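Participant: Have a look at the structure that comes next, please.
The values are calculated or read from the model by the stated rules, or taken from the named source; none is laboratory data. In this text the structure is predicted, and so the values were computed from the model without any measurement. Methodologically, a virtual Cβ is constructed for each residue, glycine included, from the backbone with ideal geometry; neighbour enumeration extends over all protein chains shown. With ligands, DNA and RNA removed, areas are computed over all heavy atoms of the protein, side chains included. Shrake-Rupley method; radii C 1.70, N 1.55, O 1.52, S 1.80 Å.
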Amino acid sequence: MSEYELPPLPYDYDALEPHISEQVLNWHHDTHHQGYVNGWNSAEETLAENREEGDFSSSPGAIRNVTHNGSGHVLHTIFWENMSPNGGGEPAGALAARIEEDFGSYEAWKGEFKAAASAAGGWALLVYDSESDQLRNLVVDKHDQGALWGSHPILALDVWEHSYYYDYGPDRGDFIENFFEVLDWDDVADKYEDVTAKFE
Ligand code: MN
């Protein structure tokens, strides 16, 4: 059976300061993200045991745990990759053109995304929706409530309190502004190219 593992951060823990502190990245990556990886593995073990024993009474709960923890793992991995000490600026190339096409302008996309991040009880996502062949912003509660079938996240912003409260207190808006200072548009563009290539 496959065992999921916590990927290392793609930069040092203090690399995103002053926008995100070393302390927050330590807790967020090593404790919270690790917790989702452990929760996913443990739920898979329960499912495998139940299948062997033919007793499925605890399987629906374990399946829910796969969804919650697996989604947490996937989104945190994208969130880490989306950031860089050399971030900031605006998207370029094919991604910039697609944002203009699907949202009208970069400013319209950004306004909608920031509103989504202010309202979410979990995550704001920019996704490629393969069903309607367009980019969309999603408002996600927890890690999975508000998911759209057929959509593939290319940009993920964690707005759980553990993501910003230590650095910004209740001022989530300030955190969202600072996220844009470390947002690595090259990584978002790579993810956009990878996912759209699968549906050509
Ligand atoms: Mn988180």
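Rundown of residues vs (1) over 17 Å from Leu155 (Cβ atoms); (2) part of a helix (DSSP H, G or I); (3) outside the structural domain of Trp149 (by TED's automatic domain parsing), yes/no style:
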| site | (1), (2), (3) |
| --- | --- |
| Glu3 | yes, no, yes |
| Leu9 | yes, no, yes |
| Thr31 | yes, yes, yes |
| Ala48 | yes, yes, yes |
| Ile63 | yes, yes, yes |
| Val66 | yes, yes, yes |
| Gly87 | no, no, yes |
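Participant: Exactly one condition in (1) closer than 30 Å to Asn178 by Cα; (2) under 20 Å from the mean Cα position of the chain (by Cα); (3) more than 15 Å from the ligand (Cβ to nearest atom) is false for Arg64; which is it?
Facilitator: Exception for Arg64: condition (1).
Participant: Which is β-branched (Val, Ile, Thr), crowded, with 16+ Cβ neighbours inside 10 Å and within 16 Å of the ligand (Cβ to nearest atom), of Val127, Val74?
Facilitator: One residue alone meets the criteria, Val74.
Participant: Which of the residues that make up segment 160-178 are away from the ligand (no atom under 14 Å from the Cβ) and either in the same structural domain as Tyr36 (by TED's automatic domain parsing) or in contact (Cβ under 8 Å) with a residue 40 or more places away in the chain (or both)?
Facilitator: Those that are away from the ligand (no atom under 14 Å from the Cβ) and either in the same structural domain as Tyr36 (by TED's automatic domain parsing) or in contact (Cβ under 8 Å) with a residue 40 or more places away in the chain (or both): Gly173, Ile176, Asn178.
Participant: OK, next. Determine which single condition Asn137 fails, assuming it passes every other condition in (1) under 24 Å from Asn65 (Cα atoms); (2) surrounded by 15 or more Cβ atoms within 10 Å (Cβ to Cβ).
Facilitator: (1)
Participant: Oh, and also: Which of (1) open to solvent by less than 40 Å² (accessible area, probe 1.4 Å); (2) in a strand (DSSP E or B); (3) of a type in the set (Lys, Arg) is the odd one out, the single condition Lys191 does not satisfy?
Facilitator: (2)
Participant: Residue by residue through segment 173-188, note down the ones that are in a helix (DSSP H, G or I) and open to solvent by less than 50 Å² (accessible area, probe 1.4 Å).
Facilitator: Within segment 173-188, Gly173, Phe175, Ile176, Asn178, Phe179, Phe180, Val182, Trp185, Asp187, Val188 qualify.
Participant: For Ser84, state whether it is open to solvent by 20 Å² or more (accessible area, probe 1.4 Å) and among the hydroxyl-bearing types (Ser, Thr, Tyr).
Facilitator: Criteria not met by Ser84.
Participant: With the checklist (1) within 16 Å of the ligand (Cβ to nearest atom); (2) out of contact with any Asp or Glu (no Cβ under 6 Å at 6 or more places or on another chain) in hand, flag the one item Glu81 doesn't pass.
Facilitator: The one condition Glu81 does not meet is (2).
Participant: Tell me the residue from Ala108, Ala197, Ala117 that is within 16 Å of the ligand (Cβ to nearest atom) and either closer than 25 Å to Asn26 by Cβ or not charged (D, E, K, R) (or both), please.
Facilitator: Ala117
Participant: A further question follows. Find all pairs meeting these conditions: Cβ atoms under 7 angstrom apart; at least six residues apart or on different chains; first residue within segment 26-48 and within 14 Å of Asn69 (Cα to Cα) and of a type outside the set (A, V, I, L, M); second residue modelled with pLDDT under 95 and open to solvent by 60 Å² or more (accessible area, probe 1.4 Å).
Facilitator: Asn41/Glu3; Glu44/Met1
Participant: Could you check segment 11-29 and list, in sequence order, the residues that are among the β-branched types (Val, Ile, Thr) and assigned to a loop (DSSP other than H, G, I, E, B)?
Facilitator: Ile20
Participant: I'd like the residue in segment 148-159 that is assigned to a loop (DSSP other than H, G, I, E, B) and either on the phi > 0 side of the Ramachandran plot or buried (at least 18 other Cβ atoms within 10 Å of the Cβ) (or both) and, out of all such residues, is nearest to the ligand (Cβ to nearest atom).
Facilitator: Val159
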